[in-house]
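The values are calculated or read from the model by the stated rules, or taken from the named source; none is laboratory data. These numbers come from a predicted model, not from an experiment. Here the Cβ positions follow ideal geometry from the backbone for every residue, glycine too, while neighbour counts run over all protein chains shown.
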Amino acid sequence: MYVAVKGGERAIENAHAWLAEERRGDVNVPELSVAQIREQMALAVNRVMAEGSLFDPDLAALAIKQARGDLIEAIFLIRAYRTTLPRFGTSEPIATDTMACDRRISATFKDVPGGQVLGPTFDYTHRLLDFKLAADGDVADAPQRETDQADVPHVTDFLNREGLIEEAPHDDTVPRDLTREPLEMPADRPLRLQALARADEGFTLSLAYSTQRGYARNHAFVGELRIGTVDVEMDIPELGFAIDIGEITITECESVNQFTGSKTEPPQFTRGYGLVFGQTERKAISMALVDRAMRWEELGEDNVGAPVQDTEFVLYHSDNIQATGFLEHIKLPHYVDFQSELELVRKLRREAGAADMQEAAE
Amino acid sequence: MTDYNFAYLDEQTKRMIRRAILKGLAVPGYQVPFASREMPMPYGWGTGGVQVSAAVMTTDDQFKVIDQGADDTTNAVSIRSFFERTAGVATTTQTAEATVIQTRHRIPERDLTEGQILVYQVPIPEPLRFLEPRESETRKMHSLEEYGLMHVKLYEDISRHGHIATSYAYPVKVEGRYVMDPSPIPKFDNPKLSDCPAIQLFGAGREQRIYALPPYTQVVSLDFEDHPFVASKADHPCGLCGAEDSYLDEVIIDDAGGRMFVCSDTDYCTARQADGFKGKDAA
């Protein structure tokens, strides 16, 4: 005797209880605190802030804890929280040339005003597992020196003075807001950059890599990569002037790309731009390359049919929260659809079988 | 859950969604872009339907949620409890009592009435998507009423298989104008779309689209004169209630692959059994 499946509610509750237990793991091992995650898993926290589009290290760390370290799940928690927050207003554009840089490198010039600062990078570490870390995490203090607090000019400005790089004229047009308006094509550059700033790191990396390997090849130099803190200012109507409301850490990458000229543009260097919350340089560099590749139309380049040149393809598939939701929804019951397919396939097979019999008889 | 507004969304967002709904009702079958929000459940799991339900819901509503026709499938349970928590709204499993019904993949068997709202969860709102993947192209095709590609696809099915090989999400034409995706309901349900006294709203969260059918809208399933549309279902009565007019799920009941057929609409089946109807497999 068949009885219809019931008890979805209890199954869900029990699943949640089990999940909570698994999240905690072995209770004989001390529990992670949010502060520990924030301080010691900082790059994971940065990715969650960047793709979650919310600068809040504590909340990002909490989300990582709750998500058992599944960063896309953590990003999802942040996005769902973020969308409920009221909007007080819009900040002034941040001035990255006033950034207090922790890291600042240029691959195009041996030395530049403001200097090359390696900063806290994995770049020249030898990737050898440090077994000592398993036993004890004590570190010696890093050497320090005083810095002059002068602003650090952008490297691309030096090229600009010679007219060797395309102009990036100032534009006060208020950009469309991806989080408040539906994404519609064609997407202009500010909208594309917004989407890329929160795009999945892996997807952006792969697209950027594909341009390096020849799919819409556009040889990029890291004109400048800088990581540091900038002030966020907001105009307060009651005061009549802008005040500092806080400080954020960001990564900015300006790529300088070869360009031999097109029907409409003279030979010159062109720009790609990446700007991401936190220390997230893989993402920022990828973003700059993808941004540059998507500019083929305005620069009069050929569309060679490379995936990265297809703005609609890139933007509609770059958001990992959308992608993972739709991908995983196929776990939901589909037996009504499947039943209708069953009926159809059976019918087609019956008829195909009958036709074969007919042929054999003839 | 006092930290959130009634039915989770803030009033400005609801207002934005209501405007999209009104536009959709004014232009039946037209896909209205809307600024879909990230919801606390994954895209693809009914976020479009949830946003539409949240936007139309009032404190007096009786809310019903079905998935695959059933009130007790896990995702239906989850969405129902979401609104119980965030809106404190009364819920019901009875189609006749409900004022707002959110559904995934089915239209209830019992006829809907004036005053009811049926909210569909839609994964891919664009009926032309699998013929043309570009949104910029399909929007153009709709505005030019250029539906030749769809008819060619249906014709090719017939020439290859002898039938139109689409059994769910079967495309329809609304009031002689827009070709519309009815969401992945089995084509058995298509006739119920037309001339329906209830308001039908379609929400696609990830794809950021809302569309609508006002009451008594004419909805025609695409077909050819010599290959008319047929609403099909498994050729059996329900094993539990004996209904011959309802859409059936096929259930495998033993290791030998024995199977039985039961109503996918659990409310319909339960009500019939309560009225004394009995199928051949009923206890």
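Restricting attention to region A:56-107, which residues are farther than 21 Å from A:THR249 by Cα, assigned to a helix (DSSP H, G or I) and either acidic (Asp, Glu) or touching a strand residue (DSSP E or B) at 6+ places or on another chain (Cβ under 9 Å) (or both)?
A:GLU73
With the condition kept exactly as written, say whether any residue in region A:223-235 is under 16 Å from A:THR96 (Cα atoms), surrounded by fewer than 13 Cβ atoms within 10 Å (Cβ to Cβ) and of a type outside the set (S, T, N, Q).
Among the residues of region A:223-235, not one is under 16 Å from A:THR96 (Cα atoms), surrounded by fewer than 13 Cβ atoms within 10 Å (Cβ to Cβ) and of a type outside the set (S, T, N, Q), which makes the answer no.
Evaluate the following for B:GLY29: is it of a type in the set (Gly, Ala, Ser), within 12 Å of chain A (Cβ to nearest Cβ) and either over 27 Å from A:GLY325 (Cα atoms) or within 17 Å of the chain's Cα centre (by Cα) (or both)?
Here the answer is no, as B:GLY29 does not meet what is asked.
I'd like to verify a number: residues in region B:92-106 that are within 12 Å of chain A (Cβ to nearest Cβ) and surrounded by fewer than 19 Cβ atoms within 10 Å (Cβ to Cβ), how many?
So the count comes out to 1.
Any chance region B:202-213 includes a residue that's touching a Pro at 6+ places or on another chain (Cβ under 7 Å), of a type in the set (S, T, N, Q) and either within 9 Å of chain A (Cβ to nearest Cβ) or more than 26 Å from B:THR138 (Cβ to Cβ) (or both)?
yes
If you check A:GLU21 against the conditions, is it more than 14 Å from chain B (Cβ to nearest Cβ), in a helix (DSSP H, G or I) and at pLDDT 95 or above?
So A:GLU21 passes the test.
Among (1) over 21 Å from A:PHE338 (Cα atoms); (2) surrounded by fewer than 23 Cβ atoms within 10 Å (Cβ to Cβ), where does B:ASN75 come up short?
For B:ASN75, the failing item is (1).
Of the conditions (1) outside any loop (DSSP other than H, G, I, E, B); (2) more than 25 Å from A:VAL222 (Cβ to Cβ), A:MET185 clears all except one; give me its number.
Unmet for A:MET185, out of (1) outside any loop (DSSP other than H, G, I, E, B); (2) more than 25 Å from A:VAL222 (Cβ to Cβ): (1).
Can you spot a residue in region B:66-85 that is acidic (Asp, Glu), assigned to a helix (DSSP H, G or I) and more than 10 Å from chain A (Cβ to nearest Cβ)?
Yes.
Just for region B:262-283: of the residues that are over 22 Å from the mean Cα position of the chain (by Cα) and within 12 Å of chain A (Cβ to nearest Cβ), which one is surrounded by the fewest Cβ atoms within 10 Å (Cβ to Cβ)?
B:ALA283
Could you identify the single residue in A:LEU178, A:LEU133, A:LEU159 that is free of Cβ contacts under 8 Å to residues at least 60 places away in the same chain, aliphatic (A, V, I, L, M) and more than 14 Å from chain B (Cβ to nearest Cβ)?
Sole residue among the options that is free of Cβ contacts under 8 Å to residues at least 60 places away in the same chain, aliphatic (A, V, I, L, M) and more than 14 Å from chain B (Cβ to nearest Cβ): A:LEU133.
Every residue in region A:73-93 that is exposed (fewer than 13 other Cβ atoms within 10 Å of the Cβ) and closer than 24 Å to A:GLU328 by Cα, please.
Hits for region A:73-93: nothing passes.
Quick one: how many residues across region B:35-57 are buried (at least 22 other Cβ atoms within 10 Å of the Cβ), more than 18 Å from B:ILE117 (Cα to Cα) and not aromatic (Phe, Trp, Tyr)?
Residues that pass the stated criteria total 6.
Quick test of your reading of the structure: B:SER264 fulfils all but one of (1) in contact with a helix residue (DSSP H, G or I) (Cβ under 7 Å, 6 or more places away or on another chain); (2) without any contact (Cβ under 8 Å) to a residue 40 or more places away in the chain. Name the failing condition by number.
With (1) in contact with a helix residue (DSSP H, G or I) (Cβ under 7 Å, 6 or more places away or on another chain); (2) without any contact (Cβ under 8 Å) to a residue 40 or more places away in the chain applied to B:SER264, the lone miss is (2).
Take the conditions among the hydrophobic types (A, V, I, L, M, F, W, C), within 14 Å of chain B (Cβ to nearest Cβ) and surrounded by 12 or more Cβ atoms within 10 Å (Cβ to Cβ) and apply them to A:ILE37. Does it pass?
No; evaluated as a whole, the condition is false for this residue.
Among (1) within 14 Å of another protein chain (Cβ to nearest Cβ); (2) surrounded by 17 or more Cβ atoms within 10 Å (Cβ to Cβ), which single condition is A:GLN66 missing?
(2)
Kindly indicate which of A:VAL314, A:VAL345, A:VAL336, A:VAL308 is within 30 Å of A:GLY163 (Cβ to Cβ) and aliphatic (A, V, I, L, M).
Within the list A:VAL314, A:VAL345, A:VAL336, A:VAL308, the selection yields A:VAL308.
Can we say B:ASP60 is surrounded by fewer than 24 Cβ atoms within 10 Å (Cβ to Cβ), farther than 30 Å from A:PRO186 by Cβ, in contact (Cβ under 8 Å) with a residue 12 or more places away in the chain and of a type outside the set (Phe, Trp, Tyr)?
Criteria met by B:ASP60.
Pick out the one residue from A:ALA168, A:ALA150, A:ALA142 that is under 23 Å from A:ALA42 (Cβ atoms) and among the small types (Gly, Ala, Ser).
Answer to the check: A:ALA142.
This table checks each residue for (1) polar (S, T, N, Q); (2) in contact with a Pro (Cβ under 8 Å, 6 or more places away or on another chain); (3) in contact (Cβ under 8 Å) with a residue 60 or more places away in the chain.
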position	(1), (2), (3)
A:ALA50	no, no, yes
A:ASP56	no, no, no
A:ILE64	no, no, no
A:LEU85	no, no, no
A:SER91	yes, no, yes
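Is there any pair linking a residue in region A:103-119 that is within 18 Å of A:ASN257 (Cα to Cα) and touching a residue at least 40 places away in the same chain (Cβ under 8 Å) to one that is surrounded by fewer than 17 Cβ atoms within 10 Å (Cβ to Cβ) and of a type outside the set (Phe, Trp, Tyr), with Cβ under 6 Å and at least six apart or on different chains, and which?
Pairs that qualify, where the first residue is within 18 Å of A:ASN257 (Cα to Cα) and touching a residue at least 40 places away in the same chain (Cβ under 8 Å) and the partner is surrounded by fewer than 17 Cβ atoms within 10 Å (Cβ to Cβ) and of a type outside the set (Phe, Trp, Tyr), are A:ILE105/A:GLN116.
A quick yes/no check of all residues on (1) small (Gly, Ala, Ser); (2) at pLDDT below 90; (3) closer than 23 Å to A:ALA44 by Cβ:
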residue: A:ILE236; (1), (2), (3): no, yes, no
residue: A:GLU247; (1), (2), (3): no, no, yes
residue: A:SER255; (1), (2), (3): yes, no, no
residue: A:PHE259; (1), (2), (3): no, yes, no
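Having 3 or more residues that are buried (at least 20 other Cβ atoms within 10 Å of the Cβ) and more than 10 Å from chain B (Cβ to nearest Cβ) is the bar; report the helices (runs of 4 or more DSSP H) wholly within region A:250-362 that clear it.
Counting at least 3 such residues, we get A:281-294.
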